[in-house]
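One structure below.
The values are calculated or read from the model by the stated rules, or taken from the named source; none is laboratory data. All figures in this text were calculated on a predicted structure; none of them were measured in a lab. Methodologically, a virtual Cβ is constructed for each residue, glycine included, from the backbone with ideal geometry; neighbour enumeration extends over all protein chains shown. For accessibility, only protein heavy atoms count, side chains too; no ligands or nucleic acids. Shrake-Rupley method; radii C 1.70, N 1.55, O 1.52, S 1.80 Å.
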Amino acid sequence: MPSISILPPAVADQIAAGEVVERPSSVLKELVENSVDAGASAIDIAIEDGGRRLVRVSDDGAGMSADEVPLALARHGTSKIRKASDLVGVSTFGFRGEALPAIASVSHFEIETAAADGEGTSTKVTGGHVGKPERIARRRGTTVSVAQLFYNVPARLKFLRSARSEWRSAVESLTALALTQPGIRINVSNDGKSALTLPPVTSVRSRLGAIWGGRYAEDLLDVDDVAGPIHTSGLAQRPADVGTSTRRAFLSINGRAVRDAGIGRAVEAAYRSTIIAGVRPSFFLNVTVPADSVDVNVHPAKAEVRFRDRWTVERAVETAVRRALGNFDSAASLGYRGPSFVFRAVDLPPNPGAEILQPPVSRDAPLFEQSVPDFSGGSNELEAYEQVEVSAPAAPIPPLIQLRRTYIAFEHEDGLVLIDQHSAHERVLYEQFMRTLESGAAPAQRLLLPLTLHLGPAEGEAFDANREYLERLGFEVEGFGGHTLIVNTVPMPHPRFDAERCLRETLDALTGDRVAGAAARHERLAATVACKAAIKAGEELSQSEMRALFAALRDTTLPAHDVHGRSTIVHLTWDEVERRFGRR
Ligand SMILES: Nc1ncnc2c1ncn2[C@@H]1O[C@H](COP(=O)(O)OP(=O)(O)OP(=O)(O)O)[C@@H](O)[C@H]1O
Ligand SMILES: [Mg+2]
């Protein structure tokens, strides 16, 4: 047997660093958590080269006096707990007293700190070797700079990813923290350029708005429910929006951002039957549980917790989210989101704009007719279908099936083909709108109860600038002074069309838009309205709707791409299929 010896502290720190510090984002997380623990109201972060060259965190928190710094840099040096029992219900992020020494053992590290204005010290640590502290003048607070992470651990250095992917990881862990601390001002620069500015706010929704845009934040549902000692609060996605944007899932337990697959599944269970199976909702939740019912000291980076009674927590979260969706569902059954009014389609008296389309001599008319999928119900469906068949005699439409209420699948001579229903409809509407903008008015439906919209100044301006074109697309509007609009007719791309939402989103997208030239403006407007008006993923389509869409897509000039340039069609050749089955 070899002889046993105790490792020198620098080696022990490096080993600890292996657990706590995996990449620049873990450094960032530890430093920002320390700043929050120090009561900071503002945190400034500088990242360089994805954090590989530099991670610097400055705060205006409590700071440290000169004699506290060596303790902070020593292993197990912490101000946050004194005895093991303090761990129960610990309310600070930190409690182990190992983050700073671990980070300092694998980097060029510097800490500048002052417990009172003007009385600062600066200490450099290189690969764990603590230098002589120097007096400096600085305001109360702390700045920690971590340069050349893993410069002395080649094995680790090798595993760092590109600057871009390290940056992404840093943003992700910072986002999680920022959501748990909406009241703290956070500024981030990336390679010297300001990358993220989060003003202090009073709600998670506002913070979300600052990160992903007000529109995104507005569309989320409030979750707020108490079950015994468990309080679930935050925001979750409307069922209709699930799957339409990047999925984001953020969870904190007693204010600590963590991952928890079990709670993630509980949230998904709450959505059951409101969304298609397989797509996953976005949510931003904090769950408060009694301090003694959760152990926060089970993961090296504190990224997970252990519950004493997991089942009860999961059920509480599921119920809370379910209730939030329930509130929403009842309003949605009216056919609209948000404002509760109902409208019905009535025949429009012929209007001069529509007449332009009527004469059979118009070159655009038949084309236009052909490419409008008829999404109305009943016997019309058959007509639409027959029309389509007649107008596209080239090839019969193959049997179609809808998959995940998102794709239309069919068999083709040389393979299996999937059409993305939203992208496809977007393409169809875009070309239809372009023709309409250039030649006349689109068929519209008159609202039984006109829609009243109050616009902000920017939206109002966007409306004024595009009014003529929006009217041609079917939004017949009366201005009502200030920026209140009365909308009398709306386009009718499909029966589930949410006209108010479409108009609002379109104006939002056009805000501040300075597109020169009518052609460019047409394109921009047609693309925007098409995107907002197209059927979404998750909507069930009837056979005839699928056939109409299929035929209409086939008649477009660019059927393979939607207006964002994404594919509308994916083709899996029999060759590939057979290779997968090992037949080739
Ligand atoms: N930004 C800061 N402002 C004021 N004090 C700080 C700051 N960062 C660290 N400290 C002090 O240094 C101590 C050590 O920090 P360190 O992160 O190593 O351990 P910890 O936060 O106590 O526990 P953990 O290892 O779990 O993070 C802290 O307990 C705190 O007293
Ligand atoms: Mg800490």
Determine which single condition Ser252 fails, assuming it passes every other condition in (1) modelled with pLDDT of 90 or more; (2) of a type in the set (S, T, N, Q); (3) assigned to a loop (DSSP other than H, G, I, E, B). (3)
Considering the range 66-104, residues that are free of Cβ contacts under 8 Å to residues at least 12 places away in the same chain and more than 14 Å from ligand 2 (Cβ to nearest atom), and then whichever is farthest from the chain's Cα centre (by Cα), we arrive at Asp67
Somewhere in the range 523-536, is a residue part of a loop (DSSP other than H, G, I, E, B) and modelled with pLDDT under 85? no
Right, Gly131: small (Gly, Ala, Ser), open to solvent by less than 40 Å² (accessible area, probe 1.4 Å), more than 14 Å from ligand 1 (Cβ to nearest atom) and more than 39 Å from the chain's Cα centre (by Cα) or not? yes
Out of the residues in the range 39-49 meeting the condition of being in a strand (DSSP E or B) and open to solvent by less than 40 Å² (accessible area, probe 1.4 Å), tell me which one is nearest to ligand 1 (Cβ to nearest atom). Ile43
Among Val130, Val125, which is within 16 Å of ligand 2 (Cβ to nearest atom), closer than 22 Å to Gly77 by Cβ and not hydroxyl-bearing (Ser, Thr, Tyr)? Val125
For the range 105-122, name all the residues that are in contact with an Asp or Glu (Cβ under 9 Å, 6 or more places away or on another chain) and more than 14 Å from ligand 2 (Cβ to nearest atom). Ser105, Val106, Ala115, Gly120, Thr121, Ser122
Checking Leu453 against (1) surrounded by 19 or more Cβ atoms within 10 Å (Cβ to Cβ); (2) assigned to a helix (DSSP H, G or I); (3) modelled with pLDDT of 85 or more, which test does it fail? (2)
Checking the structure you have, find out if any residue of the range 565-577 is under 22 Å from Arg215 (Cα atoms), in contact with a strand residue (DSSP E or B) (Cβ under 8 Å, 6 or more places away or on another chain) and either at pLDDT below 80 or open to solvent by 30 Å² or more (accessible area, probe 1.4 Å) (or both). no
Would you check which residues across the range 136-145 are more than 12 Å from ligand 1 (Cβ to nearest atom) and either touching a Ser or Thr at 6+ places or on another chain (Cβ under 6 Å) or free of Cβ contacts under 8 Å to residues at least 12 places away in the same chain (or both) and list them? Ile136
Check the range 30-38 and report whether any residue there is closer than 28 Å to Gly183 by Cα and either of a type in the set (Phe, Trp, Tyr) or assigned to a loop (DSSP other than H, G, I, E, B) (or both). yes
Considering only the range 63-111, how many residues are open to solvent by 50 Å² or more (accessible area, probe 1.4 Å), near ligand 1 (Cβ under 10 Å from one of its atoms) and farther than 30 Å from Ser293 by Cα? 2
